[in-house]
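Notes to accompany the following structure.
The values are calculated or read from the model by the stated rules, or taken from the named source; none is laboratory data. All values derive from a computational prediction rather than experimental measurement. Cβ: placed from backbone, ideal geometry, glycine included. Neighbour counts: every protein chain shown.
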Amino acid sequence: MCIAVFLWQAHPFYPFFLLHNRDEYLSRPTEPVAWWDNGEILGGRDGLAGGTWLACSRSGKIAFVTNVREVGNVPGPKSRGELPVRFLESKKNPTEFAEEVVMEAHRYNGFNLILVDLSSKSMIYVTNRPKDDEALVSEVLPGIHVLSTASLDTPWPKAVRLRTNFEQFLEKHGSGELPAEEMADKLMTDMTKADKTTLPGIHSVEFEYSLSSIFVEANTELHEKRICSISKDEWEVAFYEKYLAEESWIEQRENFVMSGRVPAEQFLALALLVCTVFASRFCHQLS
């Protein structure tokens, strides 16, 4: 299912670096990366509920959401995909918006939400399915983090594998520029499955085993892949998307200059986000 690894305020060249996988049914309409109606939000859009799984704004705000693997659903839930959109459209900082979300968290199925404001160097994690006695809202500390369909940094086998492989790339390249597209190709398309004895045991062993790789390969014709990236080079943002449609790979790019909220002295040299998206019968529902 969905999984992300990201580096936050812990690299001299990258204030923020993200690799993100999203799963979805091919039958669920999905619009490719584009500027939304008001020209302030850039991201993909869920064609059914209208939300998004990952997007950014011209002012340097970023948000992404994953579901939580669980048994049962909330009756008549609100769409989880609306949460990133609401944050990007609001004037609130991550903490203020998180406090708003907590008040209505019971109306959603399980979610993990990351809220980022590059101008204030703020990142907040929100979940309505906290593990043990953890809080619903917490500040994300500098360092490497992995988020899958469990709480932030839960050491599920695929999360541990992704973090280890990500750290190896960091060690190899030191404090310099990272080969973003190579990392996406090698890390986020990893189809190695976990040992069945290490699975979390929320669903059946066979079902969880089929989802236990970083890149979920479904034995079904309903299969699509997308890779998209956002890079910030001081004031410039470049968004790259690559997806498989009807046996052909399609690529597109979007570039824009960030608004003046981000101070020049912060020098956002190349904060890179890479998102891989593929559709299968194993679905990350946004509703």
Going residue by residue through region 261-268, is there one that turns out to be in contact with a Ser or Thr (Cβ under 6 Å, 6 or more places away or on another chain), buried (at least 20 other Cβ atoms within 10 Å of the Cβ) and either of a type outside the set (Val, Ile, Thr) or modelled with pLDDT of 70 or more (or both)? no
Considering only region 117-142, how many residues are modelled with pLDDT of 95 or more and either of a type in the set (Val, Ile, Thr) or on the phi > 0 side of the Ramachandran plot (or both)? 5
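Do we have GLY51 as on the phi > 0 side of the Ramachandran plot and assigned to a loop (DSSP other than H, G, I, E, B) here?
Working: on the phi > 0 side of the Ramachandran plot: no; assigned to a loop (DSSP other than H, G, I, E, B): yes.
So GLY51 fails the test.
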Just the residues that are more than 15 Å from GLY60 (Cβ to Cβ) and either hydrophobic (A, V, I, L, M, F, W, C) or touching a Gly at 6+ places or on another chain (Cβ under 7 Å) (or both), please, taken from region 7-16. LEU7, ALA10, PHE13
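Output the residue which, of all residues in region 145-183 that are of a type in the set (Val, Ile, Thr) and surrounded by fewer than 17 Cβ atoms within 10 Å (Cβ to Cβ), is farthest from THR198 (Cα to Cα).
Here the residue is THR164.
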Name the single residue, out of those in region 115-127 being in contact (Cβ under 8 Å) with a residue 60 or more places away in the chain and within 17 Å of the chain's Cα centre (by Cα), that is farthest from PHE64 (Cα to Cα). LEU118
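Yes or no: LYS193 modelled with pLDDT under 95, within 25 Å of GLU241 (Cβ to Cβ) and out of contact with any strand residue (DSSP E or B) (no Cβ under 6 Å at 6 or more places or on another chain)?
On the way: modelled with pLDDT under 95: yes; within 25 Å of GLU241 (Cβ to Cβ): no; out of contact with any strand residue (DSSP E or B) (no Cβ under 6 Å at 6 or more places or on another chain): yes.
No.
For every residue, the table says whether it meets (1) in a loop (DSSP other than H, G, I, E, B); (2) surrounded by fewer than 16 Cβ atoms within 10 Å (Cβ to Cβ).
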{"position": "PHE6", "(1), (2)": "no, no"}
{"position": "ASP23", "(1), (2)": "no, no"}
{"position": "SER27", "(1), (2)": "yes, yes"}
{"position": "ALA34", "(1), (2)": "no, yes"}
{"position": "ARG45", "(1), (2)": "no, no"}
{"position": "GLU70", "(1), (2)": "yes, yes"}
{"position": "SER79", "(1), (2)": "yes, no"}
{"position": "VAL85", "(1), (2)": "no, no"}
{"position": "LEU88", "(1), (2)": "no, no"}
